[in-house]
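What follows draws every value from the coordinates through simple rules; no lab data is involved. None of the values given here were measured: they were computed from a predicted structure. FYI the Cβ positions are ideal-geometry reconstructions off the backbone, even for glycines, and counts take in every protein chain you see.
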Amino acid sequence: MSDDAVTDDGTETEQVFLVVVDESEEMSQALFYASRCAIRTNGRVGLLMVVEPAEFQHWANVAELMREERREEAEDLLQTIGTAIQQRTGKMPVIHIREGNVEEELIALIDEDQLISSLVLGAATGDFGPGPLVSALVNKVSGKLRVPITVVPGSLSQAEITAIT
């Protein structure tokens, strides 16, 4: 049997290493780490992008147009990242786009998708801490998640990540 996840009835399933897609610099380290883990376990990378809901409640048409534009931008970005992940791992990633609060949507997705085996986050390298999502998840809900959280330092090079994966 390989390193794939095994269900209660003994059948193998594909592990998914979930990365939250945002505009942070450290996301690339998390993507590289997740890709290396997916290759090693014959698993896949999962990508989650959460778009903020439209705030123009008074003009429904404007809000809907803004929502569609944000979704299209998210789809374009995920397609670009997905192609790079596929080239790196040989498998297209599992893609999730949600609307709402990042923390809430992330927790809901992990609860819903039993194939997600690990959450991989990149930690910021600045003086202001590891980043709001890392801080929130590690401090508030890490004990409540059903999967481990791997925090990849944003300062690691690809060679250093390769050495530890």
Self-check item: Fraction of antiparallel bridges per DSSP, the chain only, in percent to nearest 5
Solution: 10 percent
Self-check item: Tilt relative to the chain, helix 60-89 - C-alpha long axis, 0 to 90 degrees, to 10
Solution: 20 degrees
Practice problem: May I ask you to evaluate 6.51 cos²θ - 1.76 cosθ + 1.60, the Karplus curve with θ = phi - 60°, for each residue of region 13-22 and list the ³J(HN,Hα) values in order in whole Hz, giving x for glycine and proline? | Solution: 10, 8, 6, 10, 9, 7, 10, 7, 8, 8
Quiz item: Distance from the Cα centre of region 74-88 to that of region 97-165, in angstrom?
Solution: 19 Å
Exercise. Would you work out the charge dipole size for region 5-164 about its Cα centre, treating the Cβ of every Lys and Arg as +1 and the Cβ of every Asp and Glu as -1, and quote it to the nearest 20 debye?
Key: 680 debye
Self-check item: Amide H contacts of Q15 (H built 1.01 Å from N, under 5 Å, at least 5 apart or other chain)
Solution: A5, R44
Quiz item: What residues qualify as long-range amide H neighbours of E99, i.e. H under 5 Å apart, gap of 5 or more or another chain, H built at 1.01 Å from N?
Solution: V51
Exercise. Report the longest stretch of the chain that contains none of the GluC sites (Glu not before Pro) sitting in a DSSP loop with at most 13 other Cβ atoms within 10 Å.
Key: 56-165
Quiz item: Between the helical axis of 27-41 and the dominant principal axis of the chain, each derived from Cα atoms, what acute angle in degrees is found, rounded to the nearest 10?
Solution: 40 degrees
Practice problem: Quantify how much of the Cα-Cα distance distribution of the chain extends past 30 Å, in percent. | Solution: 18 percent
Quiz prompt | Cα-based helix-to-principal-axis angle, 102-112 vs the chain, degrees rounded to 10 | solution = 50 degrees
Quiz item: At a Förster distance of 41 Å, what's the computed FRET efficiency of R40 paired with E69, Cβ-Cβ distance as r, to 0.05?
Solution: 0.60
